[in-house]
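The values are calculated or read from the model by the stated rules, or taken from the named source; none is laboratory data. From a predicted model like this one, the values you see are computed outputs, not experimental measurements. Glycine gets a Cβ as well: all are built from the backbone with ideal geometry, and neighbour counts include every protein chain shown. Areas reflect the complete protein model, heavy atoms only, side chains present, ligands, DNA and RNA absent. Shrake-Rupley method; radii C 1.70, N 1.55, O 1.52, S 1.80 Å.
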Amino acid sequence: MSVENEGYLTIEELKAAGQYPSGARFQEGPVAVIECVQEIPCNPCETACRFGAIRVGEPITNLPKADEGKCTGCGLCVARCPGLAIFIVDKTYGEGLGAVSFPYEYFPLPSEGDEVTAVDRAGRGVCAGTVVKILAPESFDRTPVVTVAVPVGKAEDVRGIERAGQAGGQS
Amino acid sequence: MAQNKWEVVVVGGGPAGLSAAIEAAKSGCRTLVVDANETAGGQLFKQIHKFFGSSAHRAGVRGIDIGGELLAECEKQGVEVWLNSVAIGLFKEKTVAVERGFDNGAKSVVVLEADRIVLASGASENAVRFRGWTLPGVMGAGAAQTMINVNRVLPGKNVLMIGSGNVGLIVSYQLMQAGADVKALVEAAPKIGGYAVHASKIARAGVPIHTGHTVLEARGDRRVEEADICAVDEKWQPLLETKKTLAVDTVTIAAGLKPLVELAMMHDCQMMFHPVLGGWAPLHDAKMETTSPGIYVAGDISGVEEANTALEEGKLAGISAAESLGKIGEADADRIRSEIWGRLDGLRLGPHGVMRMQAKSEQIDHYKSAQSA
């Protein structure tokens, strides 16, 4: 797996792990994508979800299973995941636009309206994006969740943004 | 002098030592923690990330916040904590020599008599030797983490990280949070050692992770200015033709940890070498008692793991010490211990955990054969 060598997952690896929402579910609106494919002892995502859409169970090394029918894409799980491995992908955000929400624990925080370079799982710049929402309530415990609007065709690839002052992405 | 006589003396105020002290004090033991640092908490106050684990037991809480909770609980339970105080000797009849530090900077050596002793001294970082490794700017990843998260000083702007265990991955992330750039992470093994989610965090932040690579040399006038990395072959020998030079001012080494066992060795605790646990560690039973009766171990000294297991092992040691002093009944102690073991077993599952689970049970098996020999 590329995640064991280069450190990042591919969509194929996520699908193979049974961790990827269906195409039909993506068309219905925002949905959580849980990019956690290694059995580690961790389960806060399970209690984070108010809709019972994430199941870890016993033992706690089980991989989280998301029920895409129950998931509303609310994003409460995003800041709770200690591995920062949950994203909300909305392929119905607007005309030709998708939106991706991700945890962002760097300074300075971007501002809503900022034009940014959106990066993929490997940190490569893939397109321009606009920061459309930043949530950082106390309950997120210092893990702000940033939402960036990008061309809908890039919504499954974008997983973050270039940090301010970051010298280019990974080549 | 009453101050030099304690029911339980805990050496080391990290997660294991503090949780041992809390459990012992809760059961009514007069308990002292001796810690070499300015504040107790061990490595917890530099763990600014959210911890894994079970949401029933503080998973998702940042280490720094767990440290604060433990210190508050120690105070509530009446645990005495001596800071800037180094345990310099552990002798027969359970006496501990401590170079005690005082608030005004004065130091004096005192010899403590303890009914029970919990050794929770933690672990130290392994070094990697390469040309230029003594240049300023080459440091342990743990040292860099202390600089950024405790002292709020950036060790450098452009970093080369050596090692892809969780320490290397997490400290890389935190160096970027502190404002540095991590130019590359090299790992000699063919696969990343730490958790994939930690690796993914730094990968999407643009850090190239080079498995099958090592550091060859760091160069610079008075401090690191650049470093060479290259691929290694299947026998871990450098392939010089693949050499690449990186402009970095800092090289951080995350090559694993080894248990700090000197005090246990002074007391002739029987030891066992296990590569999975970081090297030599004292044998102990399921109550964390060593082959020297009344001397317990908890946390990384008993085999390098992580903070969650250290917290649980500390509880085992604290409760067992209290039980052996008659402060808590056997049935209660057994019940609590079996709950703790249930959690420890849960933390030692999965591909990263099973090797540790096996190593720990080998330790306990060796303890049993050492006792029956």
ask   = Which pairs have Cβ atoms under 6 Å, sit 6 or more apart or on different chains, and link a residue in the range A:1-15 that is more than 10 Å from every other protein chain (Cβ to nearest Cβ) and hydrophobic (A, V, I, L, M, F, W, C) to one that is outside any helix (DSSP H, G or I) and surrounded by 16 or more Cβ atoms within 10 Å (Cβ to Cβ)?
value = A:L14/A:Y20
note = In the range A:61-94, residues that are within 14 Å of chain B (Cβ to nearest Cβ) and either closer than 21 Å to A:L9 by Cβ or hydroxyl-bearing (S, T, Y) (or both) total 15
message = Going residue by residue through the range B:48-68, is there one that turns out to be acidic (D, E), on the phi < 0 side of the Ramachandran plot and within 14 Å of another protein chain (Cβ to nearest Cβ)?
response = yes
query = So which helices (runs of 4 or more DSSP H) stay within the range B:299-373 end to end and still have 1 or more residues that are open to solvent by 50 Å² or more (accessible area, probe 1.4 Å) and within 13 Å of another protein chain (Cβ to nearest Cβ)?
reply = B:330-347, B:350-372
note = Checked the range B:339-362 for anything out of contact with any strand residue (DSSP E or B) (no Cβ under 6 Å at 6 or more places or on another chain) and closer than 23 Å to B:I295 by Cβ; matches are B:I340, B:W341, B:L344, B:R356, B:K360, B:S361, B:E362
inquiry  = For the condition in contact (Cβ under 8 Å) with a residue 12 or more places away in the chain, crowded, with 24+ Cβ neighbours inside 10 Å and within 26 Å of B:L260 (Cα to Cα), what is the one hit in B:V118, B:V207, B:V109, B:V186?
reply    = B:V118
Filter result for A:R80 (crowded, with 18+ Cβ neighbours inside 10 Å and modelled with pLDDT under 95) = no
task = Could you tell me which of the residues B:R219, B:R204 is within 10 Å of chain A (Cβ to nearest Cβ) and either at negative phi or modelled with pLDDT of 95 or more (or both)?
result = B:R204
task = All but one of (1) without any contact (Cβ under 8 Å) to a residue 12 or more places away in the chain; (2) away from chain A (no Cβ under 14 Å); (3) on the phi > 0 side of the Ramachandran plot hold for B:G42, so report the exception by its number.
result = (1)
task = Would you mind finding the one in A:V37, A:V33 that is within 14 Å of chain B (Cβ to nearest Cβ) and part of a strand (DSSP E or B)?
result = A:V33
Failed item, numbered, when A:E58 is tested on (1) charged (D, E, K, R); (2) at pLDDT below 95; (3) more than 30 Å from B:R343 (Cα to Cα) = (3)
query = What about B:N149, is it surrounded by fewer than 24 Cβ atoms within 10 Å (Cβ to Cβ), among the polar types (S, T, N, Q) and away from chain A (no Cβ under 11 Å)?
reply = yes
inquiry  = Can you tell me how many residues within the range A:121-137 are within 14 Å of chain B (Cβ to nearest Cβ) and open to solvent by 40 Å² or more (accessible area, probe 1.4 Å)?
reply    = 3
ask   = Among the strands (runs of 3 or more DSSP E) contained in the range B:210-285, which hold 2 or more residues that are open to solvent by 30 Å² or more (accessible area, probe 1.4 Å)?
value = B:213-219, B:244-246, B:257-259, B:271-274
request  = Sort out which residues of the range A:22-68 are surrounded by fewer than 21 Cβ atoms within 10 Å (Cβ to Cβ) and in contact (Cβ under 8 Å) with a residue 60 or more places away in the chain, and write them in order of number.
outcome  = A:Q27, A:E28, A:G29
task = Being away from chain B (no Cβ under 11 Å) and open to solvent by less than 40 Å² (accessible area, probe 1.4 Å) is the filter; apply it to the range A:107-120 and report the residue that is farthest from A:N5 (Cα to Cα).
result = A:P110
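For (1) assigned to a helix (DSSP H, G or I); (2) open to solvent by 40 Å² or more (accessible area, probe 1.4 Å), each residue gets a yes or a no:
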{"position": "B:A127", "(1), (2)": "no, yes"}
{"position": "B:G142", "(1), (2)": "yes, no"}
{"position": "B:P155", "(1), (2)": "no, no"}
{"position": "B:S164", "(1), (2)": "no, no"}
{"position": "B:V171", "(1), (2)": "yes, no"}
{"position": "B:Q174", "(1), (2)": "yes, no"}
